[in-house]
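The values are calculated or read from the model by the stated rules, or taken from the named source; none is laboratory data. Note that the structure is predicted; figures quoted are calculated from it, not measured. FYI the Cβ positions are ideal-geometry reconstructions off the backbone, even for glycines, and counts take in every protein chain you see. Ligands, DNA and RNA are stripped out before the accessible areas are found, and what is left, the full protein with its side chains, is counted by its heavy atoms. Shrake-Rupley method; radii C 1.70, N 1.55, O 1.52, S 1.80 Å.
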Amino acid sequence: MTTRSAVLHSPKSATGSLRVNGGRLWRSLMELAQIGATPKGGVRRLALTGLDGQGRDLVVGWLKETGSRVEIDGAGNIFATRPGRDPAAPVVLTGSHIDTQPSGGKFDGNYGVLAGLEVLRTLNDAGIATEHPVAVAIWTNEEGSRFVPVMGGSGAFAGVHTLEHLLQQRDVDGIAFGDALKDIGYAGDAPVGGRALDAYFEAHIEQGPILEREDKIVGVVTGALGLSWYDCIWTGQDAHAGPTPMEARRDALRGASRMVEAIHALAMRHVPDGRATVGFMQVSPNSRNVVPGLVKMTVDMRHPSDEHLATMDCELRDAAAVIARDLRLECNLQQVDHFPASRFDSSCVAAVRAATRALGLPHREMVSGAGHDAIYIARVAPTSMIFVPCKDGISHNETEDARPEHLEAGTNVLLHAILARALGSRVTSDSSGTEGG
Ligand code: GLV
Ligand code: MN
Ligand code: MN
């Protein structure tokens, strides 16, 4: 293969000018966004629904067209591997997720997967042979919107939770994760985890306003905030809205409402880094003329310092206890998910930084506010991330938007960060261009 020998004889000149096809990346993103498309231009493709199955089928088809070997593990994680010259070399992996929020956008997660696909297509077009295999992963249930735990598939891969635990989780309608996975045909037989990884890189939209505000195109991501998720159930007593005097009520919605305000106040004590959100509430019996006897709500809290996150946890529990006592309610507050603040691998961060500089892109270092599969993969492999701006910093919203040229630039960074690892020391260490294969 002529291009392979070109790479081996002059690795830097052969690959340094390599660029992805931004138009092809954009077209793939727009085509995938048709599956579960919403009227406002977003996507609703919840994990392990029929639509998720259709999205997987489309992307798996594209991955197979690259000639990659596709495998599916017991958690439904998908791996498409382009072989390297050394089949025993650890894999350089990239990827993200294609499940979305109930009112999600076209780019969250989908960009990272399709950027990986575009890297494979680009390597094929140029006939580049890498020393290490290069693979793209589609992780199952990153969003945690239908099933907890968040980053479920990557967490199982990294051994954060067991496959059994994951498969037993149920959505609000009582459907088990394992059954939903079988129903869409993605309960694979490859083992979960245990793959030898040289590195993991994940490209993602920033989902916040910083890059856009500062006119930067790339965020070199050095780590991520810690996160704690809770389920909180307020129990009072259903009662008639007319005859029941105000002082006799045990109104669960009042407890939840006070809690929403208390949570906001709590986060405000930890600004600028602390975050706390109530994003889900179910009122029962949810009837106009019944004092609500039961409210279920969720709490999401984040902070870059584990110590601060622990303080926020104590403050949350104190607030719940005070409100419950004052309003004569029961409050059951359970932590259902947690990961500490993380720091990415310095050599992978350096690879992203070097690729960004070589491409001459305005950039800054940053910490991710959102959860990502990279956070769990960082526990089992050297990892880092690449952020690109999104319009007005808006994400988890149907109007989420990103510029094609920014997505292309981020994918070029991904390509060169991957090449820096995947070409292998045998090739990359030889800048004189004399090394043969
Ligand atoms: C995942 O998108 C999260 O940060 O919650
Ligand atoms: Mn995401
Ligand atoms: Mn998301």
Checklist entry - Okay, helix-only estimate at 222 nm for the chain: each DSSP H run of n ≥ 4 adds -39500 (n - 2.57), divide by all residues, round to 500 deg cm²/dmol; what do you get? => result -11000 deg cm²/dmol
Item to check | the chain - charge dipole about Cα centre, Lys and Arg +1 at Cβ, Asp and Glu -1, debye rounded to 20 | outcome: 500 debye
Item to check | At R0 = 22 Å, FRET efficiency that the Cβ-Cβ distance of ARG269 and ARG364 yields, to 0.05 | outcome: 0.20
Checklist entry - Expressed as a whole percentage, what fraction of the accessible surface of the chain belongs to carbon and sulfur atoms when a 1.4 Å probe is rolled over the protein heavy atoms? => result 50 percent
Checklist entry - Principal axis lengths of segment 108-200 from Cα atoms, whole Å, largest first? => result 49, 25, 21
Next on the checklist: Greater than 24 Å separation of Cα atoms is the criterion. Which listed pairs, LYS216/LYS391; LYS64/LYS216; LYS40/LYS216; LYS64/LYS106, meet it?
Outcome noted: LYS64/LYS216; LYS40/LYS216
Item to check | Kirkwood hydrodynamic radius over Cα pairs of segment 304-349, then Stokes diffusion coefficient at 4 °C and 1.567 mPa s, in µm²/s | outcome: 99 µm²/s
Checklist entry - Where in segment 148-174 does the label zone of LYS182 land, with the point 7 angstrom along Cα→C-beta and an amide N cut-off under 14 Å? => result 167-169
Next on the checklist: Taking 8 Å as the Cα distance limit and 6 or more residues as the minimum spacing, I'd like the relative contact order of the chain as a percentage.
Outcome noted: 24 percent
Checklist outcome for this item: In degrees, nearest 10, the alpha-carbon axis of helix 22-32 is tilted away from the dominant principal axis of the alpha carbons of the chain by 40 degrees
Next on the checklist: Using alpha carbons only, how many angstrom separate the centre of segment 87-113 from the centre of segment 317-350?
Outcome noted: 26 Å
Next on the checklist: From the Cα trace of the chain, what convex hull volume per residue do you get, rounded to a whole Å³?
Outcome noted: 135 Å³
Checklist entry - Given 0.36 nm per residue, what is the gain on full extension from ASP238 to ALA321 after removing their alpha carbon distance, in nm? => result 27.8 nm
Next on the checklist: Rg and Dmax in Å for segment 199-280, alpha carbons only: what are they?
Outcome noted: 20.6, 66
Item to check | Nearest 10 degrees, 0 to 90: helix 252-268 Cα axis against the chain principal axis | outcome: 50 degrees
Checklist entry - How big is the gap, in Å, between the Cα center of segment 125-176 and the Cα center of segment 36-76? => result 13 Å
Checklist entry - So between ASN289 and ALA88, what do we pick up on full extension, going 0.36 nm a residue minus the alpha carbon distance? => result 65.6 nm
Checklist outcome for this item: Hydrodynamic radius by Kirkwood for segment 347-424, inverse mean 1/r across distinct Cα pairs, in Å, is 13.7 Å
Checklist outcome for this item: The orientation-averaged projected area of the Cα convex hull of segment 135-292, in nm², is 14.2 nm²
Checklist entry - Dipole of segment 132-195 (Lys/Arg Cβ +1, Asp/Glu Cβ -1, origin at the Cα centre): which of LEU163, ALA135, LEU181 lies farthest to the positive side? => result ALA135
Next on the checklist: Looking at the chain only, what percent of DSSP beta bridges run antiparallel? Nearest 5 please.
Outcome noted: 65 percent
Item to check | Nitroxide proxy distance, nm - points 7 Å out along Cα→Cβ at SER346 and ALA190 | outcome: 3.3 nm
Checklist entry - Which residue, VAL336, VAL271, VAL59, has the most motion in a Gaussian network model of the chain that connects Cα atoms within less than 10 Å? => result VAL271
Next on the checklist: At a threshold of 8 angstrom on Cα-Cα distance, excluding pairs fewer than six apart, so keeping six or more, what relative contact order does segment 154-233 reach in percent?
Outcome noted: 19 percent
Item to check | Test item: Cα-centred dipole of segment 225-366, Lys/Arg +1 and Asp/Glu -1 on Cβ, debye | outcome: 340 debye
Item to check | Solvent-accessible area of SER347 with every protein chain in place, 1.4 Å probe, in Å² to the nearest 10 | outcome: 50 Å²
Checklist entry - Give or take rounding to whole Å, what are the principal axis extents of the alpha carbon atoms in segment 1-138, in descending order? => result 52, 33, 19
